[in-house]
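The values are calculated or read from the model by the stated rules, or taken from the named source; none is laboratory data. Since the structure is predicted, the reported quantities are computational estimates derived from the model, not experimental observations. When we count neighbours, we look across all protein chains shown, and the Cβ atoms used for this are built from the backbone with ideal geometry, even at glycine. Remember, those area values only see protein heavy atoms, side chains included, never the ligands or the DNA or RNA. Shrake-Rupley method; radii C 1.70, N 1.55, O 1.52, S 1.80 Å.
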Amino acid sequence: MNVSVNWISDLLGREIDPQDAAQRLTMLGAAVESIDAVSEGLDDVIVALVARVEKHPNADRLILCHVNDGNAVVEVVCGARNVTAGGKYAYAPVGTELPGGVKLSARKIRGIKSNGMLCSPSELGLGADHEGILELRTDAAPGTPLTEAMQVTDTRLDVEVTANRPDLLGHKGIARELGAVYGAAVKLPAIPEAPPESAAPRHVATRGTVDGVEVTIEDVEGCPRYMAAVLRGVKIGPSPTWLEARLRAVGARPINNVVDATNYILYELNQPLHAFDLNRLRGGKVIIRRALPGEHLVTLDGEKRELTPEMTMICDAEGATAVAGVMGGAASEVVDETTDILLECAYFDRRRIRATRQALKMSSEASYRFERGTDIEAMPDSIRRAVALIRAVAGGKEREPPLDVYPKPFRTRSVFLRPERAEHLLGTPISREEIERLLVRLGFAVAPKGDRLHVQIPGWRPDVSREVDLIEEIARLKGYDAFPVELRPFRTSAVPDDPAETVKARVRRVMTSMGLNEARSLSLTGSAASDAVRVLNPLSAEESFLRRDLLGGLVRSAERNWATRERNIRLFEIGRVFRTGEGPLPEETLKLAAVISGARTPPHWSNAGKPPDYDLWDLKAMFEEAVRVAGPAGAIMESEDGWVLKDQTGEPCGWAGVLSADAPAWAAALLGFEMDVDVRDRLPATYNPLATTPPVERDVALVLPEGVSAMAVEAAMRQTGGSLLADLRIFDEYRGRELGGRSVAWRLVFRAPDRTLRDEEADAALTRMLTVLKEQFGVERRQA
């Protein structure tokens, strides 16, 4: 959203510093992307009079203009078709440095020397139009600085407006936000030479007449409210300089006085309007209905549009004349010969406008605002100001007040706010008086109701519907930096965490503990497989499908690291992959993937020589640990190209091995794995209290025959020892020929959780264990 600082200053009645305004808007939640001087680079651009236009002798598509710059007549070669003799245009003499850094010099074009350049709006940074030369409707003499003639000494803020704040798409909304922090009231600037505003609109239910034009709403769902005003005797022509300057300051191109007036209201009040040539509306009727099957309309851009019954249309007695909320029709466009107009001010259903705009693959400033939501309650003020503005710049008379067709008036929304709840959520004391003051400054109507506050929600704030929304408004205006940073007392939630999030957090801890860094790659790819999910509106051919795996993105990340001569790579990613399913929606699977390459350990002065590179056994260890932490129940099996993880049904659900990549000669092998993630929390945290009774310890040395593992012996001891065996661990191993095997010594810890264990009980348990070991494995207790 382009915001004119001069316009905001006029709305607040005070000078606004652009830097300060940008900082305050950003802190209020409307980030300012850039601050640009509208007149930057225009100091040397002047007004010039084209005295004569000739055809270029050596080029069919070029013309030779004789330009009066106030001092002399110079020749300028030009390719635009809108230059005519006697017209005044923006002229950059030789030596001028235009916005963007282009410095002009005299040079030959097809054999004719061109002295400077006649400039388009885009070349001057005053709009997007680059096809035609900027034509000036001014009485300024040739040689007058362009900034003086066009009144373009302004500063433009590029404000990022989020989808939930459509009120900030108009200058009044921006001024309202700044006025709340500056303590200034918002007042619409007076319109030069404007007549008195018209009377209040006349309300009817579904059908009414204004100055001989019948207006009917048949599609109440698509158009809940429609207002119309008729102006007769207008004169179409150029807009006054102040109006053109306002539009150019926000990057809009002036067209004519009537269209410019509707655009002015759009940028000021965030209310799209449309003007119809009344004499081109057939039958003296305006009907708001759904499109008919097979109906067509040629819109203002000259395109023939195929309509569907899901679209709301503005029609006359014989057919469609405009796509409601998106674009008008060419047949009813205001032209130079127009004398009578019908001015439309409407509210359209947001979902309907969005669907229509997407179906027709077209967008406009009006549809951008309608699909986010406009203020249905402010429409009467908007149409009255628009009528006054049109009469001021184009003349004409309004013989009847505007018509307001409003079948089902909306009820004003209200919310109750508890001051103690605001204090609880914000974590700091805030008085009832301060709450009222902050909300009133933002445009809310506040009235005490016992121990609560009754807050009336204005129509321009569709995002506020709950008590917590009002508390957020209080925090936003008070300033988040005004709240304490220390942790205050709070009540923990009784709602358990999502098991999937618990598993992902555990995976991140384990993978980072193994030295890997988490990567975040795009979920879009250009590879097309039979079960790939195609994106309906891709940004590019390389991002036209949803990803089917994670390893592809990690391999590309490894290749980018190699391109910057980074040899050691340790990356993992946990995210969703997509495949076409049986239903209309794709199947989503949560997966974990990792890639490693290069040195196993970081370089260090204490290392003796170069550290070894990762090998397949390092990869297998990581794979096994990942399966233990988050993999589905199953088994890891060796395969021809690595290892494969199979679930309990025998279906493959993971793989690990060597990856194929575009690696330089100095790079090590790229190893990686990818596996399904079991979102069930299979390793929940458990609590074991500390022991409160004394233990009984026994050291026992056992002679293990050849082929008997210590792990098998330990498992048998744990099973036989039962609940009294609290712990056991190996503390010694001895090998000697006289033993006929090896001796392994364990320390056994016996404990009863509820009483003091006697020596006789521990000895009896040890005897049982030795008996079982002798019977199963032939293990004997070593004699001293």
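Under 27 Å of direct C-alpha separation, and excluding same-chain neighbours fewer than eight residues apart, Lys187 reaches these lysines: Lys172, Lys397, Lys478. Leaving out ligands, DNA and RNA, and with a 1.4 Å probe, what % of the accessible surface on the chain is carbon or sulfur? Exposed carbon and sulfur together represent 49 percent of the surface. Restricting the chymotrypsin sites (Phe, Trp or Tyr not before Pro) of region 684-784 to loop positions (DSSP other than H, G, I, E, B) with no more than 12 neighbouring Cβ atoms within 10 Å leaves Tyr687. FRET efficiency for the pair Lys397 and Arg137, taken as 1/(1 + (r/R0)^6) with r the Cβ-Cβ distance and R0 = 25 Å, rounds to 0.55. The length gained by stretching the chain between Asp615 and Glu714 to full extension, at 0.36 nm per residue less their Cα-Cα distance, is 32.5 nm. For Glu587, put the label point 7 Å out on the Cα→Cβ axis and report which residues of region 526-554 keep their amide N under 15 Å from it. Residues 530-533, 548-549 fall inside that zone. The angle between the Cα long axis of helix 432-441 and the main principal axis of the chain comes to about 50°, on a 0 to 90 degree scale. Taking all protein chains as they are arranged and a probe of 1.4 Å, the heavy atoms of Glu559 leave approximately 60 Å² accessible to solvent. Averaged per residue, region 258-309 has 40 square angstrom of accessible surface, using a 1.4 angstrom probe with ligands and nucleic acids left out.
Computing FRET efficiency as 1/(1 + (r/R0)^6) for Asn279 and Asp498, where r is the C-beta to C-beta distance and R0 is 45 Å, gives about 0.10.
Can you pick out the pairs among Lys620/Lys646; Lys408/Lys449; Lys55/Lys235 whose Cα atoms lie more than 22 Å from each other? Working shown, then result.
Numbers: Lys620/Lys646 15 Å; Lys408/Lys449 29 Å; Lys55/Lys235 34 Å.
Beyond 22 Å: Lys408/Lys449; Lys55/Lys235.
Modelled label positions at Ala194 and Arg508, each set 7 Å beyond Cα in the direction of Cβ, lie 5.3 nm from each other. Under the simplified labelling scheme, the Thr649-Ser465 pair shows an inter-label distance of 4.0 nm, with each label point 7 Å from Cα along Cα→Cβ. Under the simplified labelling scheme, the Thr771-Arg81 pair shows an inter-label distance of 10.9 nm, with each label point 7 Å from Cα along Cα→Cβ. The slack between Thr692 and Ala447, meaning 0.36 nm per residue of separation minus the straight C-alpha distance, is 82.0 nm. In plain terms, the chain from Thr153 to Ser660 could stretch by 176.6 nm, reckoned as 0.36 nm per residue minus the Cα-Cα distance.
Backbone amide hydrogens, once placed in the peptide plane, bring His56 within less than 5 Å of Leu62, Ile63, Leu64, excluding anything fewer than 5 places away on its chain. Is it possible to state the helix-based mean residue ellipticity at 222 nm for the chain, with each DSSP H run of 4+ residues giving -39500 (n - 2.57), the sum divided by total residues, to the nearest 500 deg cm²/dmol? What is it? My calculation for the chain gives -7500 deg cm²/dmol from helical runs alone.
A cut-off under 15 angstrom between Cβ atoms defines the neighbours of Pro448, and their net charge, with Lys, Arg +1 and Asp, Glu -1, is 0. Couplings for region 749-759, taken from phi via the Karplus curve 6.51 cos²θ - 1.76 cosθ + 1.60 with θ = phi - 60°, read 10, 10, 7, 9, x, 10, 7, 7, 7, 8, 4 Hz in order; Gly and Pro are left as x. From the coordinates of this entry, mean projected area of the Cα convex hull in nm² is computed, and it appears in (1) 53.2; (2) 38.1; (3) 61.1 under the label (1).
FRET efficiency for the Ile376 to Glu15 pair, using the beta carbon distance and R₀ = 30 Å, is estimated at 0.35.
Summing Lys, Arg as +1 and Asp, Glu as -1, what charge do residues with Cβ under 11 Å from the Cβ of Gly634 carry, Gly634 excluded?
Details: positive: Lys646; negative: Asp647, Glu651, Asp676, Asp678.
Surrounding charge for Gly634 is -3.
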